[in-house]
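Written out below as structure tokens is the structure these notes cover.
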Amino acid sequence: MIRCKNLVKIYKNGDNETWALKDVSFEIKKGEFIAIMGPSGSGKSTLMHIIGALDTTTKGTYFLDDKDVSKLTDDELAEIRTNKIGFVFQAFNLLSRATVIRNVMLPLLYNKIKKSERMKRVEESLRAVNLDPNRWDHLSNQLSGGQIQRVAIARALVNHPSLILADEPTGNLDTKTGDMVMETFRKLNKDSGHTIVLITHEREVAEHADRIIHIRDGEIEKDEIVKSNSLKKTRL
């Protein structure tokens, strides 16, 4: 599904150059659950922006479903970001004075989905993340942190994307709530076959994935398969 070959990203400020990515290459198959892990300044967020078609490379090629993303038009890139990729962010990015249903429905309004189809998709997405229906009419500022992040995941699902990009999705949550959110991602991957790419700096969070790509100083340090463990199995 994803092929990155010799990716280089250089930020320039006058005569100064900052190499955020240095000759990065890897592949992600459809249906994989991948964590990209590294410390602050490692290049992982830059890599996520490129995978999400939010930024371009300086050199190298990025293929998404066998399409060279660098050769796509602005309209084609917008189409990918709207329909192929679902984004989940650390800061949630929900409208605090809108209901859960309204927050999840917003991408459908921008995408001009028929009114008869909207509520059906919203309900499907909220059920997929196991949010109590009694909470659906609540304002997002009336929910707990874990519930808010589940709403954010449901919003990412509502346009039926094949790829979910999650940028530090547990960063603003306590450990127990963060584990619940990660269980939601694993369930989506296991039950629905979503390809999930998770960005994190925490080993405990990364170990919920099936594979970890370690990045440091803009380079891939290690690409490892996460060994199955009883804790992961029992959480499902």
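We did not get these values from a lab; they are worked out from the coordinates using the rules stated. Every value quoted in this text rests on a predicted model; they were computed, and no experiment measured them. Cβ atoms come from the backbone with ideal geometry, glycine included; neighbour counts cover every protein chain shown.
The table for this structure:
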quantity	calculated
Cα long-axis angle, helix 115-128 against the chain (0 to 90 degrees, to the nearest 10)	80
Prolate/oblate/rounded label for segment 110-236 (Cα gyration tensor, a/c 1.5)	prolate
Point-to-point label distance, Glu224-Lys12, nm (Cα→Cβ direction, 7 Å offset)	3.9
Counting DSSP beta bridges with both ends in the chain, the antiparallel % (nearest 5)	55
Total formal charge among the other residues, if their Cβ is under 12 angstrom from that of Val24, Lys/Arg +1 and Asp/Glu -1	+1
Potential extension, Arg203-Lys112 segment - 0.36 nm per residue separation minus Cα distance	28.8 nm
Linear extension gain, Arg3 paired with Glu183, 0.36 nm per residue minus alpha-carbon span	62.1 nm
Pairwise label distance in nanometres, Trp19 with Asp75, each label 7 Å out on the Cα-Cβ vector	3.9
Å³ per residue enclosed by the Cα convex hull of the chain	133
Between helix 175-187 and the chain: long-axis angle, C-alpha atoms, 0 to 90°, nearest 10	90
In Hz, Karplus ³J(HN,Hα) per residue of segment 50-56 (6.51, -1.76, 1.60; θ = phi - 60°; x = Gly, Pro)	5, 4, x, 6, 9, 8, 10
Global form of segment 122-193, assessed from the alpha-carbon gyration tensor, a/c cut-off 1.5	oblate
Lys, Arg +1 and Asp, Glu -1 on Cβ, resulting dipole of segment 2-235 about Cα centre, debye, nearest 20	800
Gap separating the Cα centres of segment 170-205 and segment 10-73, nearest whole Å	21
Helix 100-110 vs. the chain, principal-axis angle (Cα, 0 to 90°, nearest 10)	60
Cβ-derived FRET efficiency at R0 25 Å, Thr56 paired with Arg216, nearest 0.05	0.65
GNM flexibility winner over the chain from Phe87, Phe185, Phe26 (Cα, springs under 10 Å)	Phe26
Förster radius 22 Å - calculated FRET efficiency between His160 and Arg97, Cβ distance, rounded to 0.05	0.20
